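Colleague: The structure under discussion is supplied below as structure tokens; questions concerning it will follow.
The values are calculated or read from the model by the stated rules, or taken from the named source; none is laboratory data. Computed from a prediction, not measured in an experiment: that's the story for all the values here. When we count neighbours, we look across all protein chains shown, and the Cβ atoms used for this are built from the backbone with ideal geometry, even at glycine.
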């Protein structure tokens, strides 16, 4: 009986020590968390894009030019460029003919392109002429565009290899526009063989992000 009491006291002491020491070995149970905070960082890339649209991709110049007495024909289209590229865009033109001429579909004759540098329209008395003028906001024809400071629609240049728009910032949702005015003239006293025909020139506009 005496030994039993002694052993019981040992057990009681051990249990009391266990109760006292338990928090030291298991602090989580002694001081439970009441809150915890974690963060997550979410990233989404938005890429730059560009689009160009034309109000008309087939321009029939009017009126028809009389082959003997000569005359002038005109036509136009509007180019609209939209981009979210913060550095802006550039629009260049190329022509289906090396010089930017209009070529007869049957005869192969030509209505010759005017000079590359835009200038006031002028065709010599014995010649023909074909060219393009640009009308757009001056901010959209930054140097070295060939139409810089010549973008009011009164200066005509050859349609080949021309930078017609150059903007250095992104556009809004409506985009930026440029009116392309085409003009052809045959002088009554021309000496070139401008025979009866449909004369065509295909102008390609390429919009590129800067």
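Colleague: Looking at the range 36-56 only, could you name the residues that are surrounded by fewer than 10 Cβ atoms within 10 Å (Cβ to Cβ) and under 30 Å from residue 179 (Cα atoms)? Walk me through it before giving the result.
Modeller: In the first step, residues of the range 36-56 are kept if they are surrounded by fewer than 10 Cβ atoms within 10 Å (Cβ to Cβ); the result is 36-47.
Matches in the range 36-56: 47 only.
Colleague: Can you find a residue in the range 73-94 that is out of contact with any strand residue (DSSP E or B) (no Cβ under 9 Å at 6 or more places or on another chain), closer than 28 Å to residue 174 by Cα, at pLDDT 60 or above and surrounded by fewer than 15 Cβ atoms within 10 Å (Cβ to Cβ)?
Modeller: Initially, the range 73-94 is screened for residues out of contact with any strand residue (DSSP E or B) (no Cβ under 9 Å at 6 or more places or on another chain), giving 86.
With the extra rule that they be closer than 28 Å to residue 174 by Cα, the set shrinks to 86.
Filter again for at pLDDT 60 or above, leaving 86.
Pick out the ones that are also surrounded by fewer than 15 Cβ atoms within 10 Å (Cβ to Cβ) and you get 86.
Among the residues of the range 73-94, at least one is out of contact with any strand residue (DSSP E or B) (no Cβ under 9 Å at 6 or more places or on another chain), closer than 28 Å to residue 174 by Cα, at pLDDT 60 or above and surrounded by fewer than 15 Cβ atoms within 10 Å (Cβ to Cβ), which makes the answer yes.
Colleague: Which residues, taken from the range 50-65, are within 11 Å of residue 80 (Cβ to Cβ) and either in contact (Cβ under 8 Å) with a residue 40 or more places away in the chain or in a strand (DSSP E or B) (or both)? Break it down stepwise before answering.
Modeller: Here is the first cut: in the range 50-65, the residues within 11 Å of residue 80 (Cβ to Cβ) are 51-55.
Hits for the range 50-65 are 51, 52, 53, 54.
Colleague: Check residue 154 against each of (1) out of contact with any strand residue (DSSP E or B) (no Cβ under 6 Å at 6 or more places or on another chain); (2) touching a residue at least 40 places away in the same chain (Cβ under 8 Å) and name the one condition it does not meet.
Modeller: (2)
Colleague: Considering only the range 124-132, I want to know if a residue exists there that is loosely packed, with under 14 Cβ neighbours inside 10 Å, touching a strand residue (DSSP E or B) at 6+ places or on another chain (Cβ under 9 Å) and either modelled with pLDDT of 90 or more or more than 13 Å from residue 182 (Cα to Cα) (or both).
Modeller: No, the range 124-132 contains no residue that is loosely packed, with under 14 Cβ neighbours inside 10 Å, touching a strand residue (DSSP E or B) at 6+ places or on another chain (Cβ under 9 Å) and either modelled with pLDDT of 90 or more or more than 13 Å from residue 182 (Cα to Cα) (or both).
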